Amino acid sequence: MALQYSDPQVFLFLSEILGKRVVNRQNKKIGKVTDLAVGLVEPYPIVTEVLLSPGASSAQYCVPWSKVLEVEKTLRLDDFSLEECRKPESREGEIFLKDTLLDKQVVDTNGAKLRRVNDLQFLKAHNLLHLVHVDVGFRGLMRRAGLLKPLDAFLQASMDYNLTDQFIAWKFIQPLSSPDLLKLKVAQDRLSQMHPADLADIIEDLDIHQRAAVFQSLDVETAAETLEETDPRIQVSIIKDLKPEQASDIIEEMSLNEAADLLADLPRHQAEGILSEMEQDIAEDVKELLALPEEKAGGLMTTAFLSYPPTLTVGEAIEAIHREAEDMDFAYYIYVVDENEHLLGMMSLRELLVSPLDGKLEDMMDTRIVSVTIEEDRKEIANLFAKYGIMAIPVVDDDDRMMGVIIFRNILEIIAPHLGK
Amino acid sequence: MISGIFRTRFWITLSVFFALVGPGIITSNVDNDAGGITTYSLAGADYGLTLLWILVPITFALIIIQEMCARMGVVTGKGLSDLIRERFGAKITFYLMIILFLTNLGNTIAEFAGVAASMEIFGVSKYISVPIAAFLVWLLVVKWNYKSVEKVFLVACLFYLSYIVSGIMGEPDWHQIGTSFVNPSVQFDPGYLAMAVGLVGTTIAPWMQFYLQSSVVDKGIRTSEYRYTRIDVIVGSFTVNVVAFFIIMLCAVTLFQNGIRIETAKDAALALEPLAGKYSSLLFAFGLLNASLFAASILPLSTAYTICEAFGWESSVNHKFVEAPQFYGLYSFMIFLGAGIILLPQFPLIWIMYYSQVLNGLLLPVILIFMLLLINDRRLMGRYTNGWAMNIISWLTVSAQVILSLAMVISLIWEA
């Protein structure tokens with residue numbers, strides 16, 4: 001929805017309005033502007049009230065924006081009595097801009113970055129102020145420091161260079177300073193638009209209070225995906241702040257080996273508390289993984305994989321995948337195992353899709369399998385991935401029985417930090 | 001049985017402490033940088049043991065101020081420049097950061113001068129030592145991650161022991177030293193007072209508050225673990241003054257008693273050789289090298305971090321160069337300019353130190369007063385604001401600091 005007005009449209013900055021002289025109809029000074037309140041309406045918040053301080057005392061008064069006659073060199077107000085004004089406390093759906101936004105950190109959901117607000121830009125139309133942009137650039141900082149004109153003149157004269165503004169449209173801004181702002185429906189939509197990996201980066205940069213607030217505003221699924229991407233140290237600190245039942249809901253949604261790694265890092269009593277809150281079968285799987293050494297193959301693998309008996313036909317297998325792949329975080333290969341879980345062969349999904357539907361898996365499968373044992377060292381596993389160019393490696397016990405699968409992504413987390421800055 | 005439980009609990013406590021230790025001890029020790037060592041040496045050489053007593057109130061003030069910083073870091077999870085920006089706005093923060101940058105740049109130059117001076121004692125030309133030092137310091141942060149950097153810093157703290165060893169080698173008269181503490185002799189000549197102010201000024205500097213609070217935040221210390229951080233801060237404040245004590249004492253019992261006048265820490269190290277032995281002299285020089293390198297690594301890092309945090313730029317040693325250009329730009333600029341100036345044939349070190357100290361003296365009062373306003377802000381600190389007793393103590397400490405800083409600025413301008 002675009003703003004459409006016939007009279008001239010003017011852009012104004014918050015920094016230009018704060019501190020402005022407030023006068024009455026007769027141009028007599030009654031105070032100066034200390035803050036503006038906006039109603040949080042979509043797409044652009046509208047200024048609803050102006051906060052003014054009469055000067056001498058520290059008292060502040062809220063005046064409705066409808067009383068404002070003009071915003072020029074001064075802010076001229078229609079007649080009103082100070083007694084009518086309410087006390088300056090923010091109401092539902094309303095925020096004070098200087099108090100909650102200016103100089104504070106916000107999330108730029110489009111650029112997936114944490115930014116600091118240097119200034120706010122309004123569009124003035126029909127005597128209403130619409131908050132349209134957040135200024136995060138160097139020019140905004142210079143405007144606040146009172147150095148913008150000298151800086152522009154200097155750059156122009158010395159290098160014939162014009163510094164550009166860095167504005168972010170309001171629709172991509174998520175304020176963080178008040179937990180209430182994160183509970184809004186809009187906030188959840190904006191944050192969940194970001195990729196969990198970006199969200200995780202932002203969460204790592206936040207302070208502890210903001211971190212908890214942002215995290216709790218996410219839905220369980222996004223929270224789990226985000227948590228998987230977060231630094232282990234911060235994972236632990238986030239989980240410590242949650243109740244066991246909240247934590248277990250999120251951890252259940254994580255992939256099994258990520259969940260096991262996280263629980264292994266928690267203090268014992270807390271990990272046990274969370275496990276007891278989790279669904280029985282997931283908790284069992286996680287416990288199995290927890291028992292394995294983290295540094296070896298066992299600690300890298302997940303126990304969720306697709307395995308089918310050799311006598312199944314391709315068509316039946318595809319149907320089965322339809323049902324089961326929902327619960328997998330990775331489904332690229334199927335493994336063919338006998339009734340005692342002995343690994344016989346494997347097929348990629350591509351091979352499966354191009355095979356005749358009535359063919360038996362045992363006739364179609366690839367029997368040249370690359371597998372490792374639970375005790376295999378990480379470095380060796382990385383070498384196997386590189387040598388064979390595969391997406392996942394099955395893990396077997398001494399008897400060649402299938403235990404789990406190491407997914408390429410999990411080994412990447414170990415290798416990537418060594419790739420240099 | 002009971003002793004068994006006690007013992008495990010003791011070990012758990014101890015291991016938690018060592019996991020959280022660092023910020024306080026590192027910050028305090030960096031404080032004994034090239035400038036600090038020079039001031040201590042001069043204090044001992046010019047006024048003997050008469051200035052030793054002042055270390056007691058300095059330790060006290062250091063604990064009071066650092067404790068508040070650490071507490072703010074733990075409770076708010078934000079750095080000091082972040083809090084100042086959010087509470088006092090962009091304009092004042094901008095100018096504070098410019099002053100902080102200039103004074104820290106001045107200090108960085110002094111650190112590289114310290115590297116040059118100490119390596120010259122070992123017979124290495126400054127045209128070799130300073131470029132190598134600058135490059136190593138730069139590499140430390142750009143190529144490593146902070147966890148390993150912090151370990152290197154903690155090891156550097158251990159090397160300050162060289163001053164204690166060196167001090168004991170001076171064979172001091174402990175009885176006489178004890179007396180100087182019990183009966184502090186305060187003189188009222190301008191030189192003595194200026195030296196006293198200088199001692200306080202070199203120990204409590206603006207950048208430390210920013211560095212301490214950021215590293216506490218970086219460690220992710222929780223309010224329930226805060227008591228360990230408090231111990232960290234107190235231990236740090238004590239060790240820094242123990243080192244200061246040994247330097248002043250060594251110079252007092254050797255140089256002062258033999259009427260030798262010195263101008264720099266290098267003079268002190270060289271003059272020690274005939275009086276306290278070759279090893280004492282070399283240890284003194286080694287201590288100066290360690291202190292200078294240590295502070296030269298931390299000052300630019302802390303400055304870049306503080307400024308980026310205030311202005312909302314990417315600021316982490318865990319980012320790549322292109323992701324955090326302002327951070328690495330500021331950091332590299334400070335190191336290479338700081339080291340480069342030292343290599344100029346006739347670099348104006350005295351002039352630089354003079355202005356850097358004036359700016360320091362002007363900046364500190366503002367920072368300390370802001371700190372007190374922030375720590376008493378209930379919206380930020382909740383129930384962790386200062387109690388009334390702590391408020392009286394801290395306001396008195398800060399007032400004394402403010403008066404001393406301004407006195408130093410006035411005396412510096414007067415002298416010029």
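The figures follow:
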| item | result |
| --- | --- |
| Spans of helices (runs of 4 or more DSSP H) in the range A:190-258 with at least 2 residues away from chain B (no Cβ under 14 Å) | A:196-205, A:208-217, A:220-229, A:244-253 |
| Residues that are small (Gly, Ala, Ser), within 22 Å of residue B:198 (Cβ to Cβ), surrounded by fewer than 17 Cβ atoms within 10 Å (Cβ to Cβ) and touching a residue at least 12 places away in the same chain (Cβ under 8 Å), drawn from the range B:367-406 | B:400 |
| Failed item, numbered, when residue A:401 is tested on (1) more than 39 Å from the chain's Cα centre (by Cα); (2) surrounded by fewer than 16 Cβ atoms within 10 Å (Cβ to Cβ); (3) more than 21 Å from residue A:285 (Cβ to Cβ) | (3) |
| Residues of the range A:276-307 that turn out to be open to solvent by 20 Å² or more (accessible area, probe 1.4 Å) and in a helix (DSSP H, G or I), as a count | 10 |
| Helices (runs of 4 or more DSSP H) fully within the range B:127-192 counting 1 or more residues that are within 20 Å of residue B:31 (Cβ to Cβ) and not hydrophobic (A, V, I, L, M, F, W, C) | B:146-158, B:161-169 |
| Residues (within 14 Å of chain A (Cβ to nearest Cβ) and open to solvent by less than 10 Å² (accessible area, probe 1.4 Å)) located in the range B:143-176 | B:149 |
| Residues located in the range A:353-379, provided they are assigned to a helix (DSSP H, G or I), open to solvent by 80 Å² or more (accessible area, probe 1.4 Å) and either in contact with a strand residue (DSSP E or B) (Cβ under 6 Å, 6 or more places away or on another chain) or at pLDDT 85 or above (or both) | A:353, A:354, A:362, A:363 |
| Cβ-Cβ under 6 Å pairs, at least 6 apart or on other chains, the range B:84-111 side open to solvent by less than 40 Å² (accessible area, probe 1.4 Å), far side of a type in the set (Phe, Trp, Tyr) and in a helix (DSSP H, G or I) | B:84/B:370; B:104/B:207 |
| Output for the range B:37-54, where each listed residue is open to solvent by less than 10 Å² (accessible area, probe 1.4 Å) and on the phi < 0 side of the Ramachandran plot | B:37, B:40, B:41, B:43, B:44, B:45, B:51, B:52 |
| Conditions (1) at pLDDT 85 or above; (2) within 18 Å of residue A:374 (Cβ to Cβ); (3) of a type in the set (A, V, I, L, M); number of the one not met by residue A:286 | (1) |
| The range A:208-256, residues that are acidic (Asp, Glu) and buried (at least 17 other Cβ atoms within 10 Å of the Cβ) | A:225, A:228, A:229, A:249, A:252, A:253 |
| Hits in the range A:257-274 (condition: surrounded by fewer than 20 Cβ atoms within 10 Å (Cβ to Cβ) and in contact with a Ser or Thr (Cβ under 9 Å, 6 or more places away or on another chain)) | A:273 |
| Condition broken by residue B:93, with the remaining ones in (1) at pLDDT 90 or above; (2) more than 14 Å from every other protein chain (Cβ to nearest Cβ) satisfied | (2) |
| Counted residues, the range A:144-160 - those being closer than 25 Å to residue A:75 by Cα and in a helix (DSSP H, G or I) | 4 |
| The listed residue being modelled with pLDDT of 90 or more and away from chain B (no Cβ under 13 Å), out of A:80, A:122 | A:122 |
| Residues of the range A:308-324 classified as open to solvent by less than 30 Å² (accessible area, probe 1.4 Å) and either part of a helix (DSSP H, G or I) or touching a Phe, Trp or Tyr at 6+ places or on another chain (Cβ under 8 Å) (or both), total | 6 |
| Scan of the range B:299-319 for residues that are modelled with pLDDT of 85 or more and under 24 Å from the mean Cα position of the chain (by Cα), ordered by number | B:299, B:300, B:301, B:302, B:303, B:304, B:305, B:306, B:307, B:308, B:309, B:310 |
| Residue, surrounded by the most Cβ atoms within 10 Å (Cβ to Cβ), within the range A:93-105, restricted to residues that are under 20 Å from the mean Cα position of the chain (by Cα) and within 9 Å of another protein chain (Cβ to nearest Cβ) | A:105 |
| Residue in the range A:161-173 that is within 14 Å of chain B (Cβ to nearest Cβ), among the small types (Gly, Ala, Ser), surrounded by fewer than 18 Cβ atoms within 10 Å (Cβ to Cβ) and not in a helix (DSSP H, G or I) present | no |
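The values are calculated or read from the model by the stated rules, or taken from the named source; none is laboratory data. Treat the numbers as computed from the prediction; the structure is a model and nothing was measured. Glycine also receives a Cβ, built like all others from the backbone with ideal geometry; neighbour counts cover every protein chain displayed. What goes into the accessible areas is simple: the full protein's heavy atoms, side chains included, and nothing from ligands, DNA or RNA. Shrake-Rupley method; radii C 1.70, N 1.55, O 1.52, S 1.80 Å.
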